[in-house]
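Shown next, in structure tokens, is the structure this report addresses.
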Amino acid sequence: MYEAEFAEIYDHIHMSRGRDYTAEAGELARLIRTRKPAASSVLDVACGTGGHLRVLRELFDRAEGVELSEDMLAIAARRVPDIRLHHGDMREFTVGRTFDAVVCMFSSIGYLRDSDELDQTLACFARHLNDGGVVVVEAWVFPDSFLPGYVATDVARAGDNTIVRMSHSVQEGDKTKMDVHYLHGGPSGIRHLTDIHRLTLFTRDDYQEAFTRAGCSVEYLDGGGFPRGIFVGTNGKAGSGR
Ligand SMILES: C[S@@+](CC[C@H](N)C(=O)[O-])C[C@H]1O[C@@H](n2cnc3c(N)ncnc32)[C@H](O)[C@@H]1O
């Protein structure tokens, strides 16, 4: 899914969609510091190519990332060579340090297969938190807001390369199955790539219960800078500020 050929074009597609990592990271810092004013460290899980980390490292004394795809991680390492990046799985990583905040953005959590994995993942996030620490998770769509048959199209231009991305999504049981096709044209010709993503349509209760079982109080924020909605959890002494 996020092997080299797709990792290479990831940033071009997301730039063409107008994703503003600077604004998102700023909003993350605001959400975190509203709950833990003295927060100075953040771990970005499923950090992808490091779009948020590039900004988070300026906003926090310490920023680190965890990512499953070695190809995405290699791009992140080029973008933020000065910070620690860990190859790991969100369900069971150990980085050996704790943080004031753990964030998991752009629906990466949707790749988990079921509620057991969601529990395992939130517990893993909670183990990496300092007391009063904050967990921010950008959800995948809820089952009642999924649009079956939805087609998304993006065109990205990067130098003399053009990339067209088209996806078609259907529901299969409790999953979204998204077929993605890319046409990548450049001086040496046009290549056609295909990819399939399966994301679980967790309910709002599924997320909230997983936070609670991990020992975090949780609130759901609809809209704002994150159109798919965002869960913000706090463990231990919420708002202790230390
Ligand atoms: C949609 S991208 C989001 C990347 C980045 N957070 C962003 O906002 O651009 C999803 C990312 O989740 C990563 N991922 C999927 N399953 C994972 C897992 N079990 N553990 C860690 N990363 C995972 C993928 O490799 C991919 O980089």
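The values are calculated or read from the model by the stated rules, or taken from the named source; none is laboratory data. Note that this is a predicted model, so its numbers are computed, not measured. FYI the Cβ positions are ideal-geometry reconstructions off the backbone, even for glycines, and counts take in every protein chain you see. Side chains are part of the model used for accessible areas, which takes the heavy atoms of the whole protein and leaves out ligands, DNA and RNA. Shrake-Rupley method; radii C 1.70, N 1.55, O 1.52, S 1.80 Å.
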Residue hits (the range 88-134; of a type in the set (A, V, I, L, M), in a strand (DSSP E or B) and open to solvent by less than 10 Å² (accessible area, probe 1.4 Å)) are A101, V102, V103, V134
When R228 is run through (1) surrounded by fewer than 17 Cβ atoms within 10 Å (Cβ to Cβ); (2) farther than 24 Å from H52 by Cβ, the failure sits at (2)
Residue that is most open to solvent (accessible area, probe 1.4 Å) [pool: residues in the range 183-217 that are in a strand (DSSP E or B) and under 17 Å from H128 (Cα atoms)]
S217
What about A156, is it among the aliphatic types (A, V, I, L, M), in a strand (DSSP E or B) and in contact (Cβ under 8 Å) with a residue 40 or more places away in the chain?
yes
What are the pairs with Cβ atoms under 6 angstrom where one residue, in the range 204-227, is on the phi > 0 side of the Ramachandran plot and the other, located anywhere, is surrounded by 15 or more Cβ atoms within 10 Å (Cβ to Cβ)? Sequence gap at least six, or different chains.
G215/A126; G215/N235
Of all residues in the range 67-87, count the ones that are without any contact (Cβ under 8 Å) to a residue 60 or more places away in the chain and either open to solvent by less than 100 Å² (accessible area, probe 1.4 Å) or more than 25 Å from G133 (Cα to Cα) (or both).
12
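Could you check the range 9-19 and list, in sequence order, the residues that are surrounded by 15 or more Cβ atoms within 10 Å (Cβ to Cβ) and either within 17 Å of the chain's Cα centre (by Cα) or within 13 Å of the ligand (Cβ to nearest atom) (or both)?
Correct list: I9, Y10, D11, H12, I13, H14, M15.
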